[in-house]
1. Being more than 7 Å from chain D (Cβ to nearest Cβ) and either within 16 Å of B:Gln44 (Cα to Cα) or in contact with an Asp or Glu (Cβ under 9 Å, 6 or more places away or on another chain) (or both) is the filter here; which residues of region C:98-115 pass it?
2. Which residue out of B:Ser110, B:Ser99 is closer than 19 Å to A:Phe13 by Cα and within 21 Å of the chain's Cα centre (by Cα)?
3. Residue by residue through region B:53-110, note down the ones that are assigned to a loop (DSSP other than H, G, I, E, B) and small (Gly, Ala, Ser).
4. Name the pairs whose Cβ atoms lie under 8 Å apart, with the first residue in region C:53-74 and more than 10 Å from every other protein chain (Cβ to nearest Cβ), the second of a type outside the set (Lys, Arg), and 6 or more positions between them or separate chains?
5. Residues of region A:17-40 being within 15 Å of the chain's Cα centre (by Cα) and open to solvent by 40 Å² or more (accessible area, probe 1.4 Å), which ones?
6. Can you pull out the residues in region B:1-36 that are under 16 Å from B:Ala82 (Cβ atoms), out of contact with any helix residue (DSSP H, G or I) (no Cβ under 7 Å at 6 or more places or on another chain) and more than 7 Å from every other protein chain (Cβ to nearest Cβ)?
7. If I ask for residues that are open to solvent by less than 30 Å² (accessible area, probe 1.4 Å) and more than 19 Å from the chain's Cα centre (by Cα), which ones from region A:1-16 would you list?
8. Out of curiosity, is A:Met1 touching a Ser or Thr at 6+ places or on another chain (Cβ under 9 Å) and of a type outside the set (Lys, Arg)?
There are 4 protein chains.
Amino acid sequence: MSLPELTQAILKFRDDRNWAQFHSLRNLIVSLNLEAAELLELTQWKNDADMTAWQEDSGAREALRDECADVLLYLLLIADRAGIDLEDAARRKLEKNASKYPIAKCYGSSRKYTQLED
Amino acid sequence: MSLPELTQAILKFRDDRNWAQFHSLRNLIVSLNLEAAELLELTQWKNDADMTAWQEDSGAREALRDECADVLLYLLLIADRAGIDLEDAARRKLEKNASKYPIAKCYGSSRKYTQLED
Amino acid sequence: MSLPELTQAILKFRDDRNWAQFHSLRNLIVSLNLEAAELLELTQWKNDADMTAWQEDSGAREALRDECADVLLYLLLIADRAGIDLEDAARRKLEKNASKYPIAKCYGSSRKYTQLED
Amino acid sequence: MSLPELTQAILKFRDDRNWAQFHSLRNLIVSLNLEAAELLELTQWKNDADMTAWQEDSGAREALRDECADVLLYLLLIADRAGIDLEDAARRKLEKNASKYPIAKCYGSSRKYTQLED
C-alpha cells in the first residue's frame, strides 16, 4: 500500500469508530509522541550489543515493526489534519538539510549544524 | 517521491556524510523521539482554538511540515536499519488495531482497548 | 522525607537489586523520558475540561501521584550519577530564567525568550 | 532550598509574570516532556564512553544541571496544580516498587515486573 492508500485506510478506520471528534491536531501530536516513547521503551536498559542480540528474536522484531507502524499511522493522521503532503515535505526537508549540513563541513561529524566549524 | 525512493535519498544523504557510524538502531530511535518532541513543542501553551488560529500562519505551516518530515525521515532510517517494510507494517498493524478495537465496542469512545467494556 | 533522604532510599533500593550496572547516565535519562511519557499518556484524548473532571476520580489522582513520583525518582538517580545538587541547581536555574524572562517584557505572554519583543 | 521553598519561589516567578493562565495541568505536563527531551538531546549520538568523556567538560555539566533543574521546576508546578506532596508521593511509590520488584526475583535483572519469572 502506498501512503495515500494507507491514509484512506486509516481515515476509514477512524470514521468507522466515530473518532474524528478526538483527533484534534494537538491530540494527534501527543499520541505520536506516546508511540515514539513506546519505540524508545524497546531500547530501555539495552546497550548497542544488547540491541543487536535482541533483534534476533522474532517477538522483538514484531514489536519493533508494530511500534514503527503506529508512528507512521499517527503521522498520516497529522498530515491529513494539517493538509501536508508527507512525501513532498520529506523531499523538501532533505534539500534543506543538505544546505544546513554541507558535506565538506560535516563529513564524519555528529555535531549539530549550529555547532559546525568554519 | 515514494517511500522507497525517499529511503534511497536519505541513505545517500547519510553516506555522503559518513554518518552511518552514528546510526545505531538505538541512536536513531532516540533521534526520532527528539523530532517528535519538536513537533510537540509547536503545540506548547496552545489550546485547541490557539492551534487553529496558529495554522493560518505560513511560518507555522512550514514548521509543522518540516517537523513531520523529520519524523518520517528518521522512521525511514529506522525501518532500513531494522529491515522493516514500513507500508506493509502499517497495513498489518491497522488490521491488528481493527481486532483490538471492534467497532461495536468502541464507537465514539476514546478508551484504551484494555479498558473497553463488554 | 527530604530529597537527600529520598536519594539514600532510592540508592539502597537500586543496590539491594544489583541494578547500578544498568544505571548509566544515558539509560537513566531514557528512563526519565519514558516516565514523562507515562504522565503525558494520562492526558491523552482529554481537553482541559476533561482533565478537570478526571481529577475528581481517586484512581486518577493516584495515577498522577505515582507518575510524578517516578519522574522524581529517576531525576534523583540522574542527579546522583552526575554529581548534581538538584535543589541548588533549581534555585540557580530560576535565577537564570528571571534574567531570560524580565517581567516587563513577558508579563502575560507565553512567547519563548528568543521571541520576546523589545 | 527545600522543595516547599522552591515551590514558593517558582510560584512567585509565575505570578510575577501573570503566567498561571497558561499553566493548565495538561500544558505543564507537555512542558515537562519537552524538558525531558532536552535532557535526552544531550545524549544524542553519544555512546556510554562518549557520555563519560563529555561530562569532563564544564559546559556539558552546566547543561546537564540546567536541564535537570528545568524538569524539577515543572514537576513542582505540576505537583502544586494537582495537590501532590512530591516527597511523600516518592516515598510511597518506592514502597510500591519494592513490592513489584522483590529482591529475590529481580536481583541483577533488568526485566520489567510484568516479565519477572517465578
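1. Those that are more than 7 Å from chain D (Cβ to nearest Cβ) and either within 16 Å of B:Gln44 (Cα to Cα) or in contact with an Asp or Glu (Cβ under 9 Å, 6 or more places away or on another chain) (or both): C:Lys105, C:Ser109, C:Arg111, C:Lys112, C:Tyr113, C:Thr114, C:Gln115.
2. Answer to the selection: B:Ser110.
3. Result: B:Gly83, B:Gly108, B:Ser109, B:Ser110.
4. What qualifies is C:Ala63/C:Leu42.
5. A:Glu38
6. B:Pro4 - this is the single residue of region B:1-36 that is under 16 Å from B:Ala82 (Cβ atoms), out of contact with any helix residue (DSSP H, G or I) (no Cβ under 7 Å at 6 or more places or on another chain) and more than 7 Å from every other protein chain (Cβ to nearest Cβ).
7. Passing the criteria: only A:Phe13.
8. no
The values are calculated or read from the model by the stated rules, or taken from the named source; none is laboratory data. Values in this document were obtained by computation on a predicted structure and should not be read as measured data. Here Cβ is always computed from backbone atoms with ideal geometry, including for glycine, and neighbour counts include all displayed protein chains. We work out accessible area using only protein heavy atoms, side chains counted, and drop any ligands, DNA or RNA first. Shrake-Rupley method; radii C 1.70, N 1.55, O 1.52, S 1.80 Å.
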